[in-house]
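Attaching a single structure in structure tokens format; questions to follow.
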Amino acid sequence: MTTLQHKIGSGFGARSTADDVLSGIDLSGSTAIVTGGYSGLGLETTRALADAGARVIVPARRRAAAQKAVKGIDGVATDDLDLSDLESVHGFADRFLATGRTIDIVINNAGVMACPETRVGPGWEAQFATNHLGHYALINRLWPAIARGGARVVAVSSGAHGMGMHWDDPHFERGYDRWEAYGQAKAANVLFAVELDALGRDAGGRAFAVHPGSILTPLQRHLAKAEMVDAGWIDEQGNPADPTFKTPGQGAATQLWAATSPQLAGMGGVYCEDCDIAEPAAEGTEGGVHAHATDPEREVGAVEHAGQNGGVEPAQVLGDEFVLAGEVLVGRAGEYRRRRGAVRGASTHRSAAA
């Protein structure tokens with residue numbers, strides 16, 4: 001059943017914290033994976049999940065830094081993972097699958113924002129590669145454990161998803177704009193979550209996209225101080241200046257709510273903000289989800305580009321019914337159609353936050 005993209009009246013809001021949304025929730029015996037779970041919102045997310053009883057795995061590109069950050073938090077382990085390197089993604093996933101454990105929660109929290117033009121792998125644009133393609137490959141590789149656990153997958157997006165996809169030039173080969181590239185990656189995160197939920201729900205997995213809000217974290221490491229002052233985010237002394245910004249605890253709340261709330265039982269495939277399902281974006285207003293990010297015809301494109309741009313080729317996706325064959329995502333045998341060169345199963349802001 002499709003979940004409507006409308007608020008459910010969760011009782012939480014923009015100022016709710018990680019501790020608020022997890023109050024009374026016991027995660028003992030569950031396993032969570034939090035990419036980037038050692039910095040900013042990720043570290044707050046890791047701490048909150050562990051405090052609720054979950055065993056948390058924090059795969060990180062800078063493992064030594066991750067180990068230092070999570071030291072003293074019981075129930076947290078680290079591993080190596082560079083989302084911009086497919087061999088690294090495959091290695092982490094294969095190591096986890098070899099343990100035989102199931103997964104209950106995956107939060108695709110790691111990301112990069114507005115970085116200088118950088119090429120990784122076979123020439124991928126770094127923000128699209130790290131924020132979307134790496135997570136795409138990771139979830140596909142981990143799918144057997146996700147499906148067994150009936151896991152929730154949370155893709156951390158942004159209000160910047162409103163900038164949309166550059167379908168004709170996803171890697172900005174004709175000219176790079178760091179904010180447009182960031183917005184595209186965040187739009188792809190929403191598209192992927194919506195499509196993943198549609199294809200995976202029958203196997204037990206559900207997926208959500210979330211906008212955590214605007215928060216000052218290490219995500220702004222590629223921004224000059226003057227740029228943030230001009231934007232009104234900080235003052236000349238580097239202090240927070242925008243009263244709408246959230247604390248890290250408030251910023252982590254929405255992804256934790258999406259990952260754990262019993263209010264979302266049986267739901268999925270929606271974009272959430274401020275600890276509730278978001279409303280569709282209205283013209284000339286802040287907040288909400290833009291139609292292009294939840295359009296079932298365009299979802300295919302985000303998946304297609306993951307397959308066509310660099311050979312993201314996990315062996316099996318979404319159980320026996322959805323496999324990646326070569327460079328094309330192929331749905332249930334004989335039940336597919338083409339759009340924008342993709343094959344899909346017929347079953348069917350510039351913000352300070354990630």
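So which residues in segment 178-218 are out of contact with any His (no Cβ under 9 Å at 6 or more places or on another chain), surrounded by fewer than 24 Cβ atoms within 10 Å (Cβ to Cβ) and part of a loop (DSSP other than H, G, I, E, B)?
Gly204, Leu216, Thr217
So, of the residues in segment 59-73 that are open to solvent by less than 40 Å² (accessible area, probe 1.4 Å) and more than 18 Å from His135 (Cα to Cα), which turns out to be farthest from the chain's Cα centre (by Cα)?
Ile73
A further question follows. Does segment 196-223 hold any residues that are touching a Leu at 6+ places or on another chain (Cβ under 9 Å), over 19 Å from Arg148 (Cβ atoms) and at pLDDT 75 or above, and which are they?
Phe208, Ala209, Pro212, Ile215
Tell me which of these Glu117 doesn't satisfy, since it passes every other one: (1) modelled with pLDDT of 95 or more; (2) open to solvent by 20 Å² or more (accessible area, probe 1.4 Å).
Against the list (1) modelled with pLDDT of 95 or more; (2) open to solvent by 20 Å² or more (accessible area, probe 1.4 Å), Glu117 comes up short only on (1).
Another question, if that's okay. Consider Gly13 against the criteria (1) of a type outside the set (S, T, N, Q); (2) assigned to a helix (DSSP H, G or I); (3) out of contact with any Ser or Thr (no Cβ under 6 Å at 6 or more places or on another chain): it satisfies all of them except one. Which criterion is unmet?
Only one criterion in (1) of a type outside the set (S, T, N, Q); (2) assigned to a helix (DSSP H, G or I); (3) out of contact with any Ser or Thr (no Cβ under 6 Å at 6 or more places or on another chain) is unmet by Gly13, namely (2).
Next up: Looking only at segment 236-294, how many residues end up being acidic (Asp, Glu), part of a loop (DSSP other than H, G, I, E, B) and either surrounded by 21 or more Cβ atoms within 10 Å (Cβ to Cβ) or touching a Leu at 6+ places or on another chain (Cβ under 7 Å) (or both)?
Within segment 236-294, residues that are acidic (Asp, Glu), part of a loop (DSSP other than H, G, I, E, B) and either surrounded by 21 or more Cβ atoms within 10 Å (Cβ to Cβ) or touching a Leu at 6+ places or on another chain (Cβ under 7 Å) (or both) number 1.
Looking only at segment 43-53, which residues are in contact with a helix residue (DSSP H, G or I) (Cβ under 9 Å, 6 or more places away or on another chain), open to solvent by less than 40 Å² (accessible area, probe 1.4 Å) and farther than 26 Å from Leu133 by Cα?
Ala48, Ala50, Ala52
Report, by residue number, each residue of segment 23-42 that is within 15 Å of Pro212 (Cβ to Cβ), touching a helix residue (DSSP H, G or I) at 6+ places or on another chain (Cβ under 6 Å) and outside any loop (DSSP other than H, G, I, E, B).
Scanning segment 23-42 gives Val34, Gly40, Leu41.
So which residues in segment 262-285 are touching a Gly at 6+ places or on another chain (Cβ under 8 Å) and small (Gly, Ala, Ser), if there are any at all?
Once the filter is applied, which keeps residues that are touching a Gly at 6+ places or on another chain (Cβ under 8 Å) and small (Gly, Ala, Ser), segment 262-285 yields Ala278, Ala281, Ala282.
The values are calculated or read from the model by the stated rules, or taken from the named source; none is laboratory data. No experiment lies behind these values; they were computed from the predicted model shown. We place every Cβ from the backbone using ideal geometry, glycine too, and count neighbours over all the protein chains shown. Note: areas computed on protein heavy atoms with side chains; ligands, DNA, RNA excluded. Shrake-Rupley method; radii C 1.70, N 1.55, O 1.52, S 1.80 Å.
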